[in-house]
Amino acid sequence: MTPFDYRPRTRIVFGLGEFNRLGEIAREAGGTRCLFVADRHIGEGRLGQDAVRSLKARRMDVASFSDFSATPTPAMIEAGRAASAQMNPDLIVAMGSGSAMDVGKAINIVLTNGGSIADYRGYGKVPKALLPMVAVPTVAGSGSEALGNTNVFDPLTRSNISCGDSKITFRTVILDAGLTLGQQRESEASSAYDAIANAIETLGSPRRSPLSECFAHEAWRLLDANFERAMKSPEDIDARGALLLAAHFAGIAVENSSLGPAHACATPVTANFGLTHGTAVALVLPAVVERAEHGGNGPAHPSRLRELRAAGKLAGSLHDAGVPVAALSRLAEEAATQWSGRFGGRTFNAQAAMEIYQACYNR
């Protein structure tokens, strides 16, 4: 069996209403000056106000930062550092989507270690300890709150700056399904499908281990049983809780394994045509599974992945998503440069990416 070294570094607080303990939990992490990083609609809305109120109730100073997009760039990370410099924070709370988690982690790196986030591309490049962090995801998606890395998009190279290090971890994660209510259906479906892709790709990774398989299988079980249920009944809090927990478990699986060609193929589609990451992954994942060495024999058959995609009312083909056929060659070249393509169990290059794109162009 594949050896592994598992050392949990994150406390998981799961349950309806646990968000109300944010101030208490943040204070336990040792902070008194908090940088609150949140997606703009969260930071400017009721949830953001509740979060700040909870933090201040525990006698904490709070500075907020929301000036970033769903695809954060190095310039946005630098803006976050500049916005927090005067306060000199000793704690970071990140709330919202996976992008908010990535931004919080990236700001932490440059605040404590200096330089630009691009200086830390790769693994094990962060020399100094980071500030303690608390994550409050409001979507079931990337599982970034479980990952010891951060991804920032470089518009110059049109590729992700991926920075991984054992120091880049949240001290505590609060998983409260009540925070996921009221989302737009397409956004929610896209995010949850990203969790599906995380679970499935980690199960096919040559870096998988008994530990990653344990979390990935449970994540897939929860997603398979609750994705359609949550789409049909948006107020079903039990289904929403299952998706939130599944996304976190899939994130743990990624942290202890790796991603694969579906994520490599999705990144340039998102960068060039503005599709959300989850939508782009949903377009290519069935084709990637079919192409795999044991395609169709894993826990999720390609037909089931297409059923779930349809249940989320996500685009069913690259053509339907507005990607012109003339762009496939360029997309394939860009996909071949993505780090995750190396971990699919088969050779991945521009030709392989083109085969995947062609297989899902009209389907």
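The values are calculated or read from the model by the stated rules, or taken from the named source; none is laboratory data. Values in this document were obtained by computation on a predicted structure and should not be read as measured data. Please note: Cβ atoms are built from the backbone with ideal geometry, for glycine as well, and neighbour counts cover all protein chains shown.
Table for the structure above
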read-out	value
Options Met95, Met60, Met87; residue that is in contact with a Lys or Arg (Cβ under 6 Å, 6 or more places away or on another chain), without any contact (Cβ under 8 Å) to a residue 60 or more places away in the chain and of a type outside the set (Asp, Glu)	Met87
Pair list, Cβ < 9 Å and 6+ apart or interchain, from region 122-135 residues that are touching a residue at least 40 places away in the same chain (Cβ under 8 Å) to residues that are among the polar types (S, T, N, Q) and part of a loop (DSSP other than H, G, I, E, B)	Gly124/Ser166; Val126/Ser166; Met133/Thr169; Ala135/Thr10
Criterion: in contact (Cβ under 8 Å) with a residue 40 or more places away in the chain and part of a helix (DSSP H, G or I) - qualifying residue of Ala264, Ala219	Ala264
Among (1) surrounded by 17 or more Cβ atoms within 10 Å (Cβ to Cβ); (2) of a type in the set (Val, Ile, Thr); (3) not assigned by TED's automatic domain parsing to the domain that holds Val139 - the single one Val52 does not satisfy	(3)
Given (1) over 28 Å from Arg7 (Cα atoms); (2) among the charged types (D, E, K, R); (3) touching a residue at least 40 places away in the same chain (Cβ under 8 Å), number of the condition Glu201 does not satisfy	(1)
Residue match in region 294-307 (condition: in contact with a Pro (Cβ under 6 Å, 6 or more places away or on another chain), among the basic types (Lys, Arg) and assigned by TED's automatic domain parsing to the domain that holds Arg229)	yes
Conditions (1) over 18 Å from Ile42 (Cα atoms); (2) at pLDDT 95 or above; number of the one not met by Met87	(2)
Tally of residues being in a strand (DSSP E or B) and touching a Cys at 6+ places or on another chain (Cβ under 8 Å) across region 26-74	3
Which listed residue, of Ala106, Ala135, Ala79, is touching a strand residue (DSSP E or B) at 6+ places or on another chain (Cβ under 9 Å), modelled with pLDDT of 95 or more, surrounded by fewer than 19 Cβ atoms within 10 Å (Cβ to Cβ) and in the same structural domain as Cys34 (by TED's automatic domain parsing)	Ala79
Residue list for region 158-190, filter: without any contact (Cβ under 8 Å) to a residue 24 or more places away in the chain and out of contact with any Pro (no Cβ under 9 Å at 6 or more places or on another chain)	Gln184
Extreme residue, nearest to Pro286 (Cα to Cα), among residues of region 335-352 that are modelled with pLDDT of 85 or more and assigned to a helix (DSSP H, G or I)	Ala352
